[in-house]
Amino acid sequence: MLTSPANNPFHSGELEAQARAGVGDVAKWAGGFIRDYLPEQHRLFHTSQPFLVVAGGDRDGRTWITVVDGPDGFAASPDPRRITLATELEASDPLAGAFREGADIGVLGIELATRRRNRFSGRVSTNADGYTIDVRQTFGNCPQYIHERAWTRAPRTGAVEAVRSTSLSEDQITRIASADTLFIGSGHQGDDGAASNGYDASHRGGAPGFVQVVDGTHLRIPDYAGNNFFNTIGNILSNPRIGLLFVDFETGGLLHLAGRATIDWNPQGVQDQDAWRVIDVEIEAVLDRPGAVGLRWTKQDHLSRPLRLAERVEETPTVTSFYLEAADGRPLEPFAPGQHLPVEIRVPGQAEPSKRSYSLSGSPADTTRYRLSVKREDQGLVSRHLHEHLQVGAVIKARQPSGDFVIPCDDCPLVLVSAGVGLTPMLSMLHASALQQNRPVWYVHGTRNGRDHALRAEVDRLIAANDHLRQKTYYSQPDDTDLPGRDYDGKGRVTAERLLTLNAGPEARYMLCGPAAFLSDVRNGLEAAGVPADHIHFETFGPTG
């Protein structure tokens, strides 16, 4: 039987979903990613957005999700536990009556142009300028399945009457059938005072038409691999009431749906090979609000460019490096070490290109080729295709490099820490550090054994050629052919205790990349030892490939 200790960030529905999906004891490591305040980076992110996506409940118990927008700077954060909104919801908004003293809400900040997103939950109250949200839980998110769009402001032309119904019209069905993005709101109320109480606002994306319209009151939404928290799925298991939001990015129209959902854990006949589950939705209420927000968004597909595979190198039995060069004759866009490359891969059997982001593992000084070092995942649609079918000469599409997991300072000591294929952004940072002689850098890597140790010779060459670079390597299961002192420095995993023995100093920045459980353990250990939270930067990965 599942139990939920007092400090467990998950409620019973989320624990049930995690167990059903077989992802292990997520609560054991998730504490490092769920906080009761907004880190400085998240505060800056949320307050720089022109809109936020908000989920909550109305007085009739229905769950809705909406967009709250305002003028530049309408969102502010007076301290890490509060966000203020200098705006007011229109009377036609389904959550207008829900923004009352003490009401629970969930908030998603999403920057479509850069594919960044972060979520938090809290309680709302009113103030002289609008609303104050007291933060309860905060989460980070990966950029998977987010379609890039740039926003502009549009003049409001006056309110257009909202249309209410209990089923979808033909026009609304057409809009949903062509959508590549939706937002979903869900909620849970458990023990009094539990941090997991409240609402969650979440993003879902896919190829246009990824949401199946069965009929005017029934939708099927594919559920893809994510962070394994199962906030939405867990909320549905606890409380089937959900809200859906489809945004008309060209006109600013909002199509709100409220209904009930169930989870199909073993869907049959689903064409999307990326889908692991399906959310079945029975619609109970429809609210269509033309021109509801003063923003417009345009897709950035024109920014994609063709890249040709110039070389592929098998680094280990499961990791292959792909060297990409410009296929259109234009110079490659420069990148900062630590950034990733968004790519579009056409996989046979898929109606639309599959989009992924892979860290750039090469030197930022190489202006002629990008290198992606990709681990083959058994359930990874794209990674399997890359390993098994992408050959030299093949052309793929890519956007310009992006991401904010980059070296945070000019001359502070750096500790580059990775596990498994998490070495990819670290190796790029190591290349950059070799060109910069003004600070000490430690490269610390953990893997199973020498057979699984990708790009070891390249790291060894960099370390040997630069006195200010040092490395430590740990094998969790060394083979008989792996010699301690020659191939690795210690048996076991990379831990915070081992990092602290480096004596990198109080100004050191720790850059971490690897599986979520690894990051949580190391991050929590460093913070417990007194390393400031803002000196620890991390990027996670998972088997979404």
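Where a number appears in this text, it was derived from the coordinates with a stated rule and is not lab data. Given the structure is predicted, the values throughout are model-derived calculations rather than measurements. So basically every Cβ, Gly included, is an ideal-geometry build from the backbone, and we count neighbours across all protein chains shown.
Once the Cα atoms are used to define both axes, helix 456-465 deviates from the longest principal axis of the chain by about 60 degrees.
Using only alpha-carbon positions, what ratio does the radius of gyration of the stretch 300-398 give when scaled by 2.2 N^0.38 Å?
Values: Rg = 12.9 Å, N = 99, 2.2 N^0.38 = 12.6 Å.
Normalised by 2.2 N^0.38 Å, the Cα Rg of the stretch 300-398 equals 1.02.
Look at where the Cα atoms of the stretch 155-185 and of the stretch 429-486 average out, and the two centres are 54 Å apart. Extents of the stretch 55-131, largest first, come to 37, 27, 22 Å (Cα atoms, principal axes, whole angstrom). The slack between residue 169 and residue 44, meaning 0.36 nm per residue of separation minus the straight C-alpha distance, is 41.0 nm. When you filter the chymotrypsin sites (Phe, Trp or Tyr not before Pro) in the stretch 420-482 for DSSP loop state and at most 15 other Cβ atoms inside 10 Å of their Cβ, nothing is left. Rounded to 0.05, the FRET efficiency of the residue 302 and residue 325 pair, given R0 = 25 Å and the Cβ-Cβ distance, is 0.75.
Loop only by DSSP, 12 or fewer other Cβ within 10 Å of the Cβ. Give me the trypsin sites (Lys or Arg not before Pro) in the stretch 32-64 that pass, ordered by residue number. Show your work: numbers first, answer last.
Working: sites: 35, 43, 59, 62; in loops: 59, 62.
Passing both the DSSP loop test and the Cβ count: 59.
The alpha carbons of the chain occupy a box of 71, 51, 48 Å along the principal axes, longest dimension given first.
Taking K and R as +1 and D and E as -1, what net charge do the other residues with C-beta under 13 Å from the C-beta of residue 437 add up to?
Details: positive: 439; negative: 410, 411, 467.
Local net charge: -2.
Among the GluC sites (Glu not before Pro) in the stretch 478-545, those located in a DSSP loop and surrounded by at most 13 other Cβ atoms within 10 Å of their own Cβ are 507. Extension gain for residue 366-residue 448 works out to 26.5 nm (0.36 nm per residue, less the C-alpha to C-alpha distance). In vacuum, with every alpha carbon of the stretch 227-315 counted as one equal point scatterer, what does the Debye formula give for log10 I(q)/I(0) at q = 0.13, 0.19, 0.23, 0.25 Å⁻¹? Two decimals, please. For the stretch 227-315, the Cα-only Debye profile gives -0.75, -1.03, -1.11, -1.15. Straight Cα distances below 26 angstrom link residue 355 to the lysines 299, 375, 397, with same-chain residues fewer than 8 positions distant left out.
Counting only Cβ charges, +1 for Lys and Arg and -1 for Asp and Glu, the dipole size of the stretch 300-398 around its Cα centre is about 80 debye. With the alpha-carbon atoms of the stretch 381-501 aligned to their principal axes, the span from lowest to highest coordinate is 45, 41, 26 Å, starting with the largest. Neighbours of residue 213 by Cβ distance under 14 Å: Lys/Arg scored +1, Asp/Glu scored -1, total -3.
Provide the net charge surrounding residue 415, with neighbours chosen by a C-beta distance below 14 Å and charges set as Lys +1, Arg +1, Asp -1, Glu -1.
Around residue 415, the surrounding residues sum to +4.
Is the stretch 12-298 best put as rounded, prolate or oblate by its Cα gyration tensor, with a ≥ b ≥ c the root eigenvalues, rounded for a/c under 1.5, and otherwise prolate when a/b is larger than b/c, oblate when not? Here the stretch 12-298 falls in the rounded category. Taken along the Cα-to-beta-carbon direction at a fixed 7 Å, the label points for residue 486 and residue 59 span 7.9 nm.
Measuring nothing but how far apart in sequence close Cα pairs (under 8 Å, 6+ apart) lie, relative to its length, the chain scores a relative contact order of 12 percent.
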